[in-house]
Amino acid sequence: MIGTMLILASLVAYDTAIGDAGVGELTRPATVDETTPAVLLIHGGGWSGMSRNDVRGIADFLRDDLGCAVYNVNYRLASAKSPWPACGDDCVKAAEFMFSDGFAAEAGVRPKKIWVIGGSAGGHLTLWTALKLPAEKVAGAVSISGIADPEVDYPSHPGMYAGLFGVKDPKAVTREMRDTMSVMKLIR
């Protein structure tokens, strides 16, 4: 309880097959209705680090100050075992789950549209997710320092891309590989 406001939060799986990577924390104000904004919150961490716990303060702000129902999710961190597009696929699956009966039962709200919000790698995944969903399902996307075009970023951070694609040598990350995660390729 914060002040006199009751806070409701629970862990809700969008994909049980991938364990904790397929779980999000759903937090919402005590009172919700059909006008309550629904937000998918995606953490950053270079696609290979951090978790939903690292952006809990943002989820709290969205809930407390803006009155949103927030689904703050984990995803499979990039590795040789889970290279791109695993994290992108997970975020899209989490977004699609927000339109399901299971989400409605947990959240007490059935969104017609969702907001997608994230920073850094989470900003990239925000753009990716918003563009992979049908346009009529997206209220908006807020990408904070998200990478839309890897060709601009790759020369400065080749090791990060090696991690994303699950390879050891950054020189093994080809332009064709980078094109598969380019948000710019989705809008052209």
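The values are calculated or read from the model by the stated rules, or taken from the named source; none is laboratory data. Computed from a predicted model, the values in this text were never measured in an experiment. Glycine also receives a Cβ, built like all others from the backbone with ideal geometry; neighbour counts cover every protein chain displayed. These area figures cover heavy atoms from the full protein model, side chains too; ligands, DNA and RNA do not enter into them. Shrake-Rupley method; radii C 1.70, N 1.55, O 1.52, S 1.80 Å.
At-a-glance table
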item	result
In degrees, nearest ten, helix 121-132 long axis to first principal axis of the chain (Cα)	80
Most positive-pole-ward Cα, Ala107, Gly123, Ala86, against dipole of region 80-142 from beta carbon charges	Gly123
Local net charge near Leu41, Cβ-Cβ under 12 Å (Lys/Arg +1, Asp/Glu -1)	0
Dipole moment magnitude, nearest 20 debye, the chain about Cα centre, only Lys, Arg, Asp, Glu C-beta charged	360
Accessible solvent surface per residue of region 43-188, calculated while the other protein chains remain in place, 1.4 angstrom probe, Å²	46
Surface share of carbon and sulfur [accessible, 1.4 angstrom probe, percent] for region 43-188	55
Ranked by how many other beta carbons lie within 10 Å on average, peptides 26-35, 65-74, 138-147, 118-127 from highest	118-127, 65-74, 138-147, 26-35
Estimated [θ] at 222 nm from DSSP helical runs (n ≥ 4, -39500 (n - 2.57)) normalised by residues in the chain, nearest 500	-8500 deg cm²/dmol
Set Lys93/Lys168; Lys93/Lys185; Lys132/Lys171; Lys132/Lys168; Lys93/Lys171; Lys81/Lys113 screened for pairs whose C-alpha atoms are more than 25 Å apart	Lys93/Lys168; Lys132/Lys171; Lys132/Lys168; Lys93/Lys171; Lys81/Lys113
Lys, Arg +1 and Asp, Glu -1 on Cβ, resulting dipole of region 87-188 about Cα centre, debye, nearest 20	160
Tilt relative to the chain, helix 86-97 - C-alpha long axis, 0 to 90 degrees, to 10	20
Positive-end residue of Met50, Gly67, Leu164, charge dipole of the chain with Cβ unit charges	Leu164
For region 56-109: rounded, prolate or oblate by the Cα gyration tensor [a/c cutoff 1.5]	oblate
